[in-house]
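S.K.: Take this structure, written in structure tokens, and hold onto it; I'll ask about it next.
The values are calculated or read from the model by the stated rules, or taken from the named source; none is laboratory data. The model shown is predicted, which means the values in this text are computed figures rather than measured ones.
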Amino acid sequence: MFSSILTVLQDVAHGHGHEHGDRKMELPDYKQWKIEGTPVKTVQKKLAAGGNVSFVGTLLQRLKWEFAAFVVAVGAEYYLESQNKDKKHH
């Protein structure tokens, strides 16, 4: 499916189309391509099974992990800084 489109685009990009003038490139009919049995269909099924995924929900879930990483980094910095202060006092 994609290899034939890629071949057409490469031929046109490399000048193998041998067309001159204002002729437009003819693209294959999109209706002839099927998504059954392809990774696209698998992704569609997984998305449908999971319900609606909102941008805000995805963002909040990602921020949750980023906030946790931030807290760990601040805690590590605080701990290492306290170790440095102990060494300076002795």
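S.K.: Quick check, is Ser3 of a type in the set (Ser, Thr, Tyr) and at pLDDT below 75?
M.R.: Judged against the criteria, Ser3 is a match.
S.K.: Being of a type outside the set (S, T, N, Q), more than 30 Å from Thr7 (Cα to Cα), at pLDDT below 85 and in a helix (DSSP H, G or I) is the filter here; which residues of the stretch 23-82 pass it?
M.R.: Within the stretch 23-82, Lys46, Leu47, Ala48, Ala49, Phe55, Val56, Gly57, Leu59, Leu60, Arg62 meet the criteria.
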